[in-house]
Amino acid sequence: MKASAQEVRRRRVFYMPGFDPHPDRRYHRLFREEGARQAAISGYRLEVGRAAQGEHRADWSAVYSDDSGARVETDLRVWSWRDLVSARMSQPLWRRALRGYGAYARLIFSGDLFRLGRLAWTPMIPTLYPLAAVTFYLLLSLGAGAAALALMVWALGAAGWVLGLVLGALAARAVFRLLRKRDGRIFAFYLFDTYALMQQHARGAAPDLEERLEAFASDLTAASESGVYDEILVIGHSLGAAFAVEVCGRAFARDPDLATRGARIGVLTLGQILSAFSAVGGGRGAEVRRAARLLAARPDAVWVDVTSQADGACYALIDPLAGGEAPPSMARLAGPKLVSGRFRETMGEAEYAKLRRKWNRLHFQYLHAFERPGIFEYFAICAGPLSLATRFAGLRSSRRGPPLAAEVEGAEAASASEFAAAPA
């Protein structure tokens, strides 16, 4: 690429993590280390600056250069909400269990679970897995308590009831705590909390999260109005993909001309579970769906959704607008372009064989280097000279289910404003 034909010289990247209690510097370290590895594989240079921690954010810069003379400066920012995650995960286990069971009860008895199942059966495994695992924890703990009680009654007769109840409660508590400590390998309580927060937000019962998303929308608007950047890229991973889309929807609702007046805006969702919001009822659930539809209908903002069928914790190649009360309109001309990460092909056989059963690690593979990179290469997207729109312009959407109207020859057009005004 000639320097004179370079499309992007200055870029702003906003990254929205998923439900993750780890420090924000984890993402800086990951970008620095994996970016250096990817640059060596792909044949370009990537210099990553030091991270600076701010209020609800972490910032660093990166400079891309290659032998063609292209040079790109990128400002990266993590939109941090880990304090909200940590606050929920640090609550007493009984409170987290009650909140999680309440979320699953609403999911099941409202019919939302069956709407989720219509999207695809594979994501139902990680959806129901934490419910099964935590219930197993409780039953095993109660079984230990009952065994301690029965032993005391057998040994002491009627006099053993009081001592048995005390020892039984202690035994149940000890077994539950032991299982909880080993949960770091199977992440049952972590996923329990994730779905509980999703339900809270869908019902409008997470005001702290609402306030944070509003602040992020203001941040996006300010970056667009600054006139500094050629491209603004909003990236969301896992549950953060839903919130990233919602932030964009909020920003566009404030200023419909945001993408036409300032820098071009690209949205990249990775390993998304946004599709779950298309089936979850409730007040904010409808707002999340409406924000996604508003973003999808805009011809001036490109949205690329990357998932992999090897990632068992996402809705792989499922249209984020599918599901819910009705299928997506066949008159829709715009929408997210669904792209397969093809982990099995791009990771290399040895690495894939090593990680294929580590589902949590594979869920983060989008942010790692690839031995045989394809069109999806995270670091080139974040820091390279091509915009998101140009990079994926020639790629057809890999879509399950009914195609978009834009993919059907002779389909009748409908305006974006009509679609954005349609019920969620």
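Scan the range 141-153 and tell me whether some residue there is of a type in the set (Gly, Ala, Ser), within 17 Å of Ile186 (Cα to Cα), buried (at least 17 other Cβ atoms within 10 Å of the Cβ) and touching a helix residue (DSSP H, G or I) at 6+ places or on another chain (Cβ under 7 Å).
Applying the first criterion (of a type in the set (Gly, Ala, Ser)) to the range 141-153 yields 141, 143-148, 150.
So of that shortlist, the ones also within 17 Å of Ile186 (Cα to Cα) come out as none.
The answer is no; no qualifying residue exists.
Just to be sure I understand, how many residues within the range 71-96 are within 23 Å of Phe14 (Cβ to Cβ) and over 23 Å from the mean Cα position of the chain (by Cα)?
Total satisfying the criteria: 3.
For Ala39, indicate whether it is buried (at least 17 other Cβ atoms within 10 Å of the Cβ) and either of a type outside the set (Ser, Thr, Tyr) or in contact with a His (Cβ under 6 Å, 6 or more places away or on another chain) (or both).
Taking the combined requirement at face value, the residue satisfies it.
Within the bounds of the range 4-14, is there any residue that is touching a His at 6+ places or on another chain (Cβ under 7 Å) and touching a residue at least 24 places away in the same chain (Cβ under 8 Å)? Lay out the reasoning, then the answer.
Of all residues in the range 4-14, those touching a His at 6+ places or on another chain (Cβ under 7 Å) come to none.
Among the residues of the range 4-14, not one is touching a His at 6+ places or on another chain (Cβ under 7 Å) and touching a residue at least 24 places away in the same chain (Cβ under 8 Å), which makes the answer no.
Taking the stated definitions as given, is Gly240 part of a helix (DSSP H, G or I) and either touching a Gly at 6+ places or on another chain (Cβ under 7 Å) or of a type in the set (S, T, N, Q) (or both)?
Spelling it out, Gly240 is indeed part of a helix (DSSP H, G or I) and either touching a Gly at 6+ places or on another chain (Cβ under 7 Å) or of a type in the set (S, T, N, Q) (or both).
Within the set of pairs 6 or more residues apart or between chains, which connect a residue that is in the same structural domain as Ile381 (by TED's automatic domain parsing) inside the range 16-33 to a residue that is crowded, with 21+ Cβ neighbours inside 10 Å and of a type in the set (Ser, Thr, Tyr) with Cβ atoms less than 6 Å apart?
Gly18/Ser238; Phe19/Thr194; Asp24/Ser80
Within the range 114-140, count every residue that is without any contact (Cβ under 8 Å) to a residue 40 or more places away in the chain and either within 26 Å of Phe176 (Cα to Cα) or touching a helix residue (DSSP H, G or I) at 6+ places or on another chain (Cβ under 6 Å) (or both).
8
Each row is one residue, and each column tells you yes or no for (1) out of contact with any Gly (no Cβ under 9 Å at 6 or more places or on another chain); (2) free of Cβ contacts under 8 Å to residues at least 24 places away in the same chain.
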position	(1), (2)
Ala150	no, yes
Trp161	yes, yes
Leu167	no, yes
Ala172	no, no
Val175	no, no
Tyr190	no, no
Asp193	no, no
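How many residues does the range 57-86 hold that are touching a residue at least 40 places away in the same chain (Cβ under 8 Å), surrounded by fewer than 15 Cβ atoms within 10 Å (Cβ to Cβ) and in a helix (DSSP H, G or I)?
1
If we keep just the residues of the range 285-301 that are under 18 Å from the mean Cα position of the chain (by Cα) and crowded, with 23+ Cβ neighbours inside 10 Å, which is modelled with the lowest pLDDT?
Gly285
Does Ala215 qualify as being crowded, with 20+ Cβ neighbours inside 10 Å and of a type in the set (Gly, Ala, Ser)?
no
Rundown of residues vs (1) touching a helix residue (DSSP H, G or I) at 6+ places or on another chain (Cβ under 8 Å); (2) surrounded by fewer than 22 Cβ atoms within 10 Å (Cβ to Cβ); (3) in the same structural domain as His56 (by TED's automatic domain parsing), yes/no style:
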position	(1), (2), (3)
Val175	yes, yes, no
Met198	yes, no, no
Arg203	yes, yes, no
Ile232	yes, no, yes
His237	yes, no, yes
Phe243	yes, no, yes
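Given the conditions (1) in contact with a Cys (Cβ under 9 Å, 6 or more places away or on another chain); (2) over 26 Å from Val247 (Cβ atoms), and given that Thr74 satisfies all but one, which numbered condition is not satisfied?
Against the list (1) in contact with a Cys (Cβ under 9 Å, 6 or more places away or on another chain); (2) over 26 Å from Val247 (Cβ atoms), Thr74 comes up short only on (2).
Against the condition basic (Lys, Arg) and surrounded by fewer than 18 Cβ atoms within 10 Å (Cβ to Cβ), how does Arg95 come out, does it pass?
yes
Being over 23 Å from the mean Cα position of the chain (by Cα) and surrounded by 15 or more Cβ atoms within 10 Å (Cβ to Cβ) narrows it down to one residue among Glu34, Glu7; which is it?
Glu7
Any residue at all in the range 52-61 that's touching a Lys or Arg at 6+ places or on another chain (Cβ under 6 Å) and aromatic (Phe, Trp, Tyr)?
No, there is no match, as no residue in the range 52-61 is touching a Lys or Arg at 6+ places or on another chain (Cβ under 6 Å) and aromatic (Phe, Trp, Tyr).
What tally of residues in the range 353-381 results from selecting those that are touching a residue at least 40 places away in the same chain (Cβ under 8 Å) and of a type outside the set (Phe, Trp, Tyr)?
The number of residues fulfilling the criteria is 13.
Could you figure out which of (1) buried (at least 16 other Cβ atoms within 10 Å of the Cβ); (2) closer than 29 Å to Asp83 by Cα; (3) assigned by TED's automatic domain parsing to the domain that holds Leu270 isn't true of Ala222?
It is condition (1) that Ala222 fails.
Within the range 313-335, does at least one residue satisfy the condition of being in contact with a Phe, Trp or Tyr (Cβ under 8 Å, 6 or more places away or on another chain), more than 15 Å from Gly236 (Cβ to Cβ) and modelled with pLDDT of 90 or more?
Looking through the range 313-335, none of the residues is in contact with a Phe, Trp or Tyr (Cβ under 8 Å, 6 or more places away or on another chain), more than 15 Å from Gly236 (Cβ to Cβ) and modelled with pLDDT of 90 or more.
Within the range 356-372, restricting attention to residues that are out of contact with any Ser or Thr (no Cβ under 6 Å at 6 or more places or on another chain) and part of a loop (DSSP other than H, G, I, E, B), which residue is surrounded by the fewest Cβ atoms within 10 Å (Cβ to Cβ)?
Restricting to residues being out of contact with any Ser or Thr (no Cβ under 6 Å at 6 or more places or on another chain) and part of a loop (DSSP other than H, G, I, E, B), the top hit is Arg357.
The values are calculated or read from the model by the stated rules, or taken from the named source; none is laboratory data. The structure displayed is predicted, hence computed values, not measured ones. Note that we place each Cβ from the backbone using ideal geometry, even for glycine, and neighbour counts take in every protein chain shown.
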